[in-house]
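The values are calculated or read from the model by the stated rules, or taken from the named source; none is laboratory data. In this text the structure is predicted, and so the values were computed from the model without any measurement. FYI the Cβ positions are ideal-geometry reconstructions off the backbone, even for glycines, and counts take in every protein chain you see.
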Amino acid sequence: MSARPPRTPPPGGLTAEDVFNRDGDISALIRVLNENDPSALAFTQPLLVLQGRAVPALATDAMVVQQRAGGQPVQYHSHPGADHRGVLDASFNDALAWVDTRFGR
């Protein structure tokens with residue numbers, strides 16, 4: 001039987017096992033996730049949604065479908081290669097065009 005190679009520590013030096021207990025109480029995490037679920041939001045103005053990979057697209061897609069079904073105008077742009085910060089750069093032209101259209105530029 002060969003020995004297992006040593007594990008390379010993840011960034012930050014902590015593994016999921018170091019942070020989470022399999023039998024731990026995750027109710028606070030579930031509460032925060034539920035509070036941040038965009039599908040329950042209601043808007044009264046036209047909406048621009050710029051999606052990267054930081055927020056699960058499934059949740060954003062559901063919110064967009066719900067808003068459109070309620071008659072809310074939604075412009076939706078997905079940038080799947082962009083992280084939470086990178087989506088700002090990736091979507092700059094989308095945002096600028098949307099603002100220009102909204103304010104008649």
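Among the residues of segment 34-66, none is identified as part of a helix (DSSP H, G or I) and basic (Lys, Arg). Determine if segment 67-76 includes at least one residue that is modelled with pLDDT of 90 or more, surrounded by 10 or more Cβ atoms within 10 Å (Cβ to Cβ) and among the basic types (Lys, Arg). So far as segment 67-76 goes, yes, one or more of its residues are modelled with pLDDT of 90 or more, surrounded by 10 or more Cβ atoms within 10 Å (Cβ to Cβ) and among the basic types (Lys, Arg).
When restricted to residues that are touching a residue at least 12 places away in the same chain (Cβ under 8 Å) and either over 18 Å from residue 101 (Cβ atoms) or touching an Asp or Glu at 6+ places or on another chain (Cβ under 7 Å) (or both), segment 68-87 contains 11.
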